[in-house]
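The next block holds one structure in the form of structure tokens; read it before the comments.
The values are calculated or read from the model by the stated rules, or taken from the named source; none is laboratory data. Given the structure is predicted, the values throughout are model-derived calculations rather than measurements. FYI the Cβ positions are ideal-geometry reconstructions off the backbone, even for glycines, and counts take in every protein chain you see. Ligands, DNA and RNA are stripped out before the accessible areas are found, and what is left, the full protein with its side chains, is counted by its heavy atoms. Shrake-Rupley method; radii C 1.70, N 1.55, O 1.52, S 1.80 Å.
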Amino acid sequence: MPMTYAQLVAAVTDYTQNTFDTTSINVMIQQAEQRIYNTVQIANLRKNVTGVLSTGNKYLACPNDFLSTYSLAIYPASGTGDYLYLLNKDVNFMRDAYPNPTTTGKPKHYGIFGPQSANVNELSFILGPTPDANYNAELHYYYYPESIVTALTTWLGDNFDSALLYGTLSEAGTYMKSAPEDGMYKTYQERYVQAIALLKNLGDGKQRMDAYRDGQVRVPVS
């Protein structure tokens, strides 16, 4: 059943029989979202952008909302030609494999280099070898979707409100300093774990398979 921000706040208020100020309830919701998004890799956590690798420049700036890489591919600047998916390596490998930054070629590897020089809060990639021409790049990456606090409706609220509700209730229990043995607090935690298990079945299971390649899901008959 879809759940909007207003419905979520009302449900948390009803379940806990407690009224929270707006700032506190928003923090609880956002903490719950962060916990969910770092537990299950659901498809709506991914987006893609295109950019350009410049001749002689071995660095590529990450998007401002970048969290982690799903894939990075390059293709000719003309827009026609095959995609080449780069292999992810750490900076040590990049420095060892490509010690001379003036040695150029078609990039094969990339790694997360570190903060951008112009914005230390954002990351950049290092490429190897240094591009010998301009290439188009397509990056698929993980990011945090807009919170239901500001969007008012989200994929999570529309499709898996149980995880969002019980995640927020667990945060509310912490806010109210509920003891671990408290009956309702334990219930919220248990229901959250159950909801996450179902969400993982979707995000880490069903969204990564199809019946043609993997066969239909089967439950053993006893």
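Annotations for the structure displayed:
- If only residues of the stretch 110-121 that are loosely packed, with under 14 Cβ neighbours inside 10 Å and small (Gly, Ala, Ser) are counted, the one that is nearest to the chain's Cα centre (by Cα) is Gly114.
- Given (1) in contact (Cβ under 8 Å) with a residue 60 or more places away in the chain; (2) assigned to a loop (DSSP other than H, G, I, E, B); (3) buried (at least 16 other Cβ atoms within 10 Å of the Cβ), number of the condition Pro107 does not satisfy: (1)
- Ser124 being out of contact with any helix residue (DSSP H, G or I) (no Cβ under 8 Å at 6 or more places or on another chain), surrounded by 14 or more Cβ atoms within 10 Å (Cβ to Cβ) and not aromatic (Phe, Trp, Tyr): yes
- Tally of residues being surrounded by fewer than 20 Cβ atoms within 10 Å (Cβ to Cβ) and over 17 Å from Leu45 (Cα atoms) across the stretch 151-184: 13
- Any hit, the stretch 97-106, residues being touching an Asp or Glu at 6+ places or on another chain (Cβ under 7 Å), at pLDDT 90 or above and among the polar types (S, T, N, Q): yes
- The single residue among Ser71, Ser24 that is among the polar types (S, T, N, Q), touching a His at 6+ places or on another chain (Cβ under 6 Å) and under 30 Å from Ile196 (Cβ atoms) turns out to be Ser71.
- Among the residues making up the stretch 133-150, a single one is of a type in the set (Val, Ile, Thr) and open to solvent by 30 Å² or more (accessible area, probe 1.4 Å): Thr150.
- Any hit, the stretch 43-66, residues being over 15 Å from Pro107 (Cα atoms), among the small types (Gly, Ala, Ser) and free of Cβ contacts under 8 Å to residues at least 24 places away in the same chain: no
- Candidate set: the stretch 122-137, residues that are under 24 Å from the mean Cα position of the chain (by Cα) and part of a strand (DSSP E or B); chosen: the one farthest from Lys89 (Cα to Cα): Asn136
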